[in-house]
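Taking it in order: structure first as structure tokens, then the write-up.
The values are calculated or read from the model by the stated rules, or taken from the named source; none is laboratory data. Remember, predicted model here, so these are calculated numbers, not experimental data. Here the Cβ positions follow ideal geometry from the backbone for every residue, glycine too, while neighbour counts run over all protein chains shown. With ligands, DNA and RNA removed, areas are computed over all heavy atoms of the protein, side chains included. Shrake-Rupley method; radii C 1.70, N 1.55, O 1.52, S 1.80 Å.
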Amino acid sequence: MKNRIAFILGAGLLIGASTAQAAWQQGAEAASYSNVELVSVDPARRVVVVKDARGRRETLLMDDTLGSVGSVKPGDRVIITVRAGAGQRYLSAIAKSAGSSSGRVLATTAPVRTTATPIVGDKTAAKAAFASLVSSISNDAKPIDGMWAAFVTTCNAKSSSTGDGRPWFGLWEGSVQADYSAGQCRELFNQMVAAGEATKQGMVSAEESARKSLTAGEIRNIRKMSLMDWDGWGLAAPQKREP
């Protein structure tokens with residue numbers, strides 16, 4: 001009997017290891033998000049220290065996909081997306097949050113690029129200016145990508161949004177199916193919408209200026225290069241879900 005149990009456990013461990021390796025290779029590691037305070041950042045070592053509401057500190061390594069922490073600074077309240085690695089937790093996304101008097105984070109704000117595309121006679125220059133601005137807005141939206149990854153894992157979310165853009169655009173289209181029974185999932189939804197509205201504002205402003213110099217086809221092609229091709233920038237924000 002003992003040998004049989006050992007065999008079953010051993011087989012289970014092998015299967016588990018194979019499954020974990022496959023998930024790693026496909027970039028499907030379990031992700032979680034938290035509302036915390038940023039304590040310190042060491043860009044050279046790519047180490048970030050955060051503190052939760054109870055004062056407990058955690059040291060995280062910056063994920064390879066995270067270039068920097070952007071405009072956030074020590075002392076800021078932030079929402080972070082963390083994935084678990086082999087014996088280490090990695091920071092994959094970070095965005096500044098606005099807190100209520102109770103300390104609860106109500107919304108995530110992302111930087112809004114307001115620099116307009118210059119109106120110039122040189123079509124090439126106009127394309128380059130718009131492409132640079134869209135690329136910057138796309139980079140600012142990466143924390144939302146991290147929240148979406150956590151949303152997919154935690155809330156079994158699926159988006160049927162089409163086009164060369166982000167799957168979370170489907171939140172505005174009403175094309176996302178998810179399990180909202182957990183408060184964590186409802187709050188993640190609210191955080192993505194709040195941050196996504198800032199992204200929308202940036203794109204609306206950029207496109208209004210670009211239309212004075214570029215055709216609709218040229219604008220679409222540039223949006224595709226930065227995974228920002230979407231016709232829903234003018235859609236109203238979906239209704240907030242009560243936590």
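Odds and ends about this structure:
Each row is one residue, and each column tells you yes or no for (1) under 20 Å from residue 34 (Cα atoms); (2) out of contact with any helix residue (DSSP H, G or I) (no Cβ under 8 Å at 6 or more places or on another chain); (3) in contact (Cβ under 8 Å) with a residue 60 or more places away in the chain; (4) not charged (D, E, K, R).
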residue: 133; (1), (2), (3), (4): no, no, yes, yes
residue: 140; (1), (2), (3), (4): yes, no, yes, no
residue: 151; (1), (2), (3), (4): yes, no, no, yes
residue: 167; (1), (2), (3), (4): no, no, no, yes
residue: 186; (1), (2), (3), (4): yes, yes, no, no
residue: 220; (1), (2), (3), (4): no, yes, no, no
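Here is a yes/no grid of residues against (1) within 16 Å of residue 142 (Cα to Cα); (2) at pLDDT 85 or above:
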{"position": "27", "(1), (2)": "yes, no"}
{"position": "53", "(1), (2)": "no, no"}
{"position": "57", "(1), (2)": "no, yes"}
{"position": "75", "(1), (2)": "no, yes"}
{"position": "89", "(1), (2)": "no, yes"}
{"position": "115", "(1), (2)": "no, no"}
{"position": "124", "(1), (2)": "no, yes"}
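- Near pairs, Cβ below 8 angstrom, 6+ apart or cross-chain, from the range 222-233 (free of Cβ contacts under 8 Å to residues at least 12 places away in the same chain and acidic (Asp, Glu)) to any residue that is outside any helix (DSSP H, G or I) and buried (at least 18 other Cβ atoms within 10 Å of the Cβ): none
- Residue selection: residue 46 fails the criterion of being touching a residue at least 12 places away in the same chain (Cβ under 8 Å), among the charged types (D, E, K, R) and more than 19 Å from residue 146 (Cα to Cα).
- Filter pass, residue 193 being out of contact with any Leu (no Cβ under 8 Å at 6 or more places or on another chain), surrounded by fewer than 23 Cβ atoms within 10 Å (Cβ to Cβ) and under 17 Å from residue 79 (Cβ atoms): no
- Residue match in the range 175-183 (condition: without any contact (Cβ under 8 Å) to a residue 12 or more places away in the chain, farther than 22 Å from residue 220 by Cβ and polar (S, T, N, Q)): yes
- Any hit, the range 155-173, residues being open to solvent by 50 Å² or more (accessible area, probe 1.4 Å) and in contact with a Pro (Cβ under 8 Å, 6 or more places away or on another chain): no
- The condition of being open to solvent by 60 Å² or more (accessible area, probe 1.4 Å), closer than 21 Å to residue 143 by Cβ and either out of contact with any Ser or Thr (no Cβ under 9 Å at 6 or more places or on another chain) or modelled with pLDDT under 75 (or both) holds for only one of 67, 85, that being 67.
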